[in-house]
Amino acid sequence: MYRKLLSVTVAAVLGLTSVPAFAEWSGKGELGASLASGNSENESVNAALEVKGTYDQWTHALGFAGNYGNDGNTATAQRWEVRGQSDYRFTDRAYAFGAGRYENDEFSGYEYQSSLAAGLGYKLIDDERTKLWVQGGPGYRFAERRGPCRDTPPPDNAFDCRNFAPGDSENSLIFRGDVGFDYQLTDTTKIVDRFLVETGSDNTYLQNDLGLEVTITGLLGLRVGFQVRHNTDVEPGIDKTDTLTTVGLIYGAK
């Protein structure tokens with residue numbers, strides 16, 4: 001039920017179906033290999049896609065990211081995330097936003113984590129070389145923990161189990177905050193960083209994505225990324241922190 005509610009609400013928040021066809025749209029895709037540590041240890045494949053459209057004072061963004069690994073017999077990593085945000089610009093620097101995200105990670109302590117939030121944002125620095133923005137506001141989190149493994153006897157590694165019992169639901173008010181930073185080192189090299197925090201009574205979720213993007217030619221480039229995800233409240237035996245190192249090709253952005 002929560003998944004359906006989130007899907008409907010995110011679609012309403014983004015308002016993508018009502019954006020005129022003549023809005024300015026841009027996109028960026030990434031495909032590469034990755035090395036993960038934490039609850040999953042593997043070499044895997046990652047993919048990401050982001051599209052953004054602007055019309056008058058509105059900006060809409062929708063993104064997808066996925067990571068999959070296999071040791072030849074079974075999956076060793078299986079995570080995907082969908083996120084979206086709509087901004088309404090008051091001035092050149094100040095705006096209001098509505099955002100949502102949904103995450104499914106088969107190798108975490110949660111069946112899924114999702115959230116909806118709204119608030120205000122401000123561009124602290126916005127010039128050709130450097131961009132720095134912050135935003136924050138209240139929201140609501142929907143999540144469901146994984147229950148115990150129903151296999152008998154349970155495996156030594158709980159994440160080898162594919163028959164978990166239903167877990168507890170965690171639905172609570174949260175505060176969501178974001179910080180974004182872009183710095184153009186040279187004409188062809190850029191550093192990007194995105195930090196997200198969602199904190200509530202049940203759990204605090206932190207995610208930081210640091211990347212180095214180098215233009216090869218035209219719209220084709222190379223990206224090296226390092227992602228850290230952290231949950232403060234997890235079951236015993238589950239790592240609180242996961243990292244993901246990626247190297248891949250990007251297309252569609254300088």
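Among the residues of segment 67-84, count how many are surrounded by 16 or more Cβ atoms within 10 Å (Cβ to Cβ) and either in a loop (DSSP other than H, G, I, E, B) or not hydrophobic (A, V, I, L, M, F, W, C) (or both).
9
It is to be established whether one or more residues within segment 100-111 are out of contact with any Lys or Arg (no Cβ under 8 Å at 6 or more places or on another chain) and either over 20 Å from Arg194 (Cβ atoms) or assigned to a strand (DSSP E or B) (or both).
No, segment 100-111 has no match at all.
Among the listed residues Arg93, Arg79, identify the single one that is among the basic types (Lys, Arg), over 23 Å from Lys190 (Cα atoms) and touching a residue at least 24 places away in the same chain (Cβ under 8 Å).
Arg79
Anything in segment 219-253 that is surrounded by fewer than 19 Cβ atoms within 10 Å (Cβ to Cβ), touching a residue at least 12 places away in the same chain (Cβ under 8 Å), within 16 Å of Asn203 (Cα to Cα) and of a type outside the set (A, V, I, L, M)? List them, or say none.
Answer for segment 219-253, where residues must be surrounded by fewer than 19 Cβ atoms within 10 Å (Cβ to Cβ), touching a residue at least 12 places away in the same chain (Cβ under 8 Å), within 16 Å of Asn203 (Cα to Cα) and of a type outside the set (A, V, I, L, M): His230, Thr232, Asp233, Glu235, Asp239, Thr241.
Cβ-Cβ under 9 Å, sequence separation 6+ or interchain: first residue in segment 189-205 and touching a residue at least 24 places away in the same chain (Cβ under 8 Å) and under 11 Å from Gly136 (Cβ atoms), partner among the small types (Gly, Ala, Ser) and in a strand (DSSP E or B). Which pairs?
That search, which allows pairs on different chains as well, returns Glu198/Ser115; Glu198/Ala117; Glu198/Gly139; Glu198/Gly177; Thr199/Gly177.
Restricting attention to segment 188-218, and to residues there that are touching a strand residue (DSSP E or B) at 6+ places or on another chain (Cβ under 8 Å) and outside any strand (DSSP E or B), which single residue is surrounded by the fewest Cβ atoms within 10 Å (Cβ to Cβ)?
Ser201
Which one of these is out of contact with any helix residue (DSSP H, G or I) (no Cβ under 8 Å at 6 or more places or on another chain) and of a type in the set (A, V, I, L, M): Ala99, Ala65?
Details: Ala99 fails: out of contact with any helix residue (DSSP H, G or I) (no Cβ under 8 Å at 6 or more places or on another chain).
Within the list Ala99, Ala65, the selection yields Ala65.
Please count how many residues of segment 207-254 are closer than 19 Å to Asp193 by Cα and among the aliphatic types (A, V, I, L, M).
11
Being at pLDDT 95 or above and not acidic (Asp, Glu) is the filter here; which residues of segment 187-198 pass it?
Thr189, Lys190, Ile191, Val192, Arg194, Phe195, Leu196, Val197
Quick one: is Gly38 buried (at least 21 other Cβ atoms within 10 Å of the Cβ) and over 12 Å from the mean Cα position of the chain (by Cα)?
Numbers: buried (at least 21 other Cβ atoms within 10 Å of the Cβ): no; over 12 Å from the mean Cα position of the chain (by Cα): yes.
It is false that Gly38 is buried (at least 21 other Cβ atoms within 10 Å of the Cβ) and over 12 Å from the mean Cα position of the chain (by Cα).
Are any of the residues in segment 229-251 in contact with a strand residue (DSSP E or B) (Cβ under 9 Å, 6 or more places away or on another chain), modelled with pLDDT of 85 or more and not in a strand (DSSP E or B)?
Yes, that holds for at least one residue.
The values are calculated or read from the model by the stated rules, or taken from the named source; none is laboratory data. In this text the structure is predicted, and so the values were computed from the model without any measurement. So basically every Cβ, Gly included, is an ideal-geometry build from the backbone, and we count neighbours across all protein chains shown.
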